[in-house]
1. Does the range 77-97 contain any residue that is on the phi > 0 side of the Ramachandran plot and touching a residue at least 24 places away in the same chain (Cβ under 8 Å)?
2. Pick out the one residue from I156, I198 that is surrounded by 13 or more Cβ atoms within 10 Å (Cβ to Cβ), more than 22 Å from K212 (Cα to Cα) and in contact with a Leu (Cβ under 7 Å, 6 or more places away or on another chain).
3. Of G38, G59, G18, which residue is over 18 Å from S214 (Cα atoms) and in a strand (DSSP E or B)?
4. Mind checking which residues of the range 124-152 are among the small types (G, A, S) and without any contact (Cβ under 8 Å) to a residue 60 or more places away in the chain?
5. D244 versus (1) closer than 16 Å to S170 by Cα; (2) modelled with pLDDT under 95: which is the lone unmet condition?
6. Go over the candidates F191, F203 one by one and state the one that is out of contact with any helix residue (DSSP H, G or I) (no Cβ under 6 Å at 6 or more places or on another chain), among the aromatic types (F, W, Y) and outside any helix (DSSP H, G or I).
7. Which residues, counting only those in the range 1-31, are touching a strand residue (DSSP E or B) at 6+ places or on another chain (Cβ under 7 Å) and either closer than 13 Å to L104 by Cα or among the acidic types (D, E) (or both)?
Amino acid sequence: MNWLGDHEVSWLPGLDTGHSSRVVVTSNERSVAVTDSGAPCLFELDDALIRGLDPVLAGTLDGMTYYGVRARPIQSLTYEALRPALIQMDSRQFIPVSTAIQVLDFLEEHQYCGRCGQPTEASRSDRGLHCEPCRLTQYPRISPCVIVLITRGDDILLARAPRFVEGMYSTLAGFVEAGESAEHACHREIFEEVGVSIKQPIFQGSQSWPFKHSLMLGYRAEWKSGDIQIDGEEIVDAQWFSIDRLPKLPPKASISRGMIDAYVAERLS
């Protein structure tokens, strides 16, 4: 799998089992403190620069336990917006940073019970936030999202959303709705966004993606029928592209680019 993630590493989310610890520093705007080379700044738990901040456990990777802190930017540090920071990391940097951001988001957004409005407190047994008055426990949110590479021989169907950088096209994606399977969401989203029908989608892999707390479920599907029709709102353009004349693509860090590259390699081999 040629995209960032925990495919071949010993990542233990939510566990403090390392022989040493490091802290990822983030700002209230979800930016990340980075070095001159773009790697995340990692601090000791007792470093004076982060004294007074409350480290939140992310997990343990290869014997190192990672925490995250969030505060107003520290003047002596350099910060990078989350997306450009992540796409230049390797998996061993991406995993703890991405996890720390998502756990910090959860703690910030669930300080009060969604049922009765009372303050929550950390659960003693897991990563949840517990409301004692009404006994509701909430957990870090994970939103499943299907992302589909549609193929037709040497052509692939790619589309542009309004938020994309100039000239970039990507695979189609959408969130799984309550009550539907991921495979059903593939068929529904593709038809809604570009008006074509696909054959049975085949699972390719997954990627945790902290925008904001998505779990990207990657599929490949052959075109079945229909001509491209877009709504002009969620999708502003969609086209069939030959694998030897592709447009600007998403960064290699993403599952979208990983699936595109894998298909091109298959067709050329």
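The values are calculated or read from the model by the stated rules, or taken from the named source; none is laboratory data. None of the values given here were measured: they were computed from a predicted structure. Reconstructed Cβ throughout: ideal geometry from the backbone, glycine too, with neighbour counts over all protein chains shown.
1. The answer is no, given that none of the residues of the range 77-97 is on the phi > 0 side of the Ramachandran plot and touching a residue at least 24 places away in the same chain (Cβ under 8 Å).
2. Residue meeting the stated conditions: I156.
3. From the options G38, G59, G18, the qualifying one is G59.
4. Once the filter is applied, which keeps residues that are among the small types (G, A, S) and without any contact (Cβ under 8 Å) to a residue 60 or more places away in the chain, the range 124-152 yields S125, G128.
5. (2)
6. F203
7. G14, D16, V23, V24, V25, T26, S27, N28, S31
One line per residue, one yes/no per condition, for (1) closer than 11 Å to P13 by Cβ; (2) in contact with a Cys (Cβ under 8 Å, 6 or more places away or on another chain); (3) outside the structural domain of S31 (by TED's automatic domain parsing); (4) charged (D, E, K, R):
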| position | (1), (2), (3), (4) |
| --- | --- |
| G59 | yes, no, no, no |
| D62 | no, no, no, yes |
| G68 | no, no, no, no |
| E80 | no, no, no, yes |
| A85 | no, no, no, no |
| M89 | no, no, no, no |
| T99 | yes, no, no, no |
| D105 | no, no, no, yes |
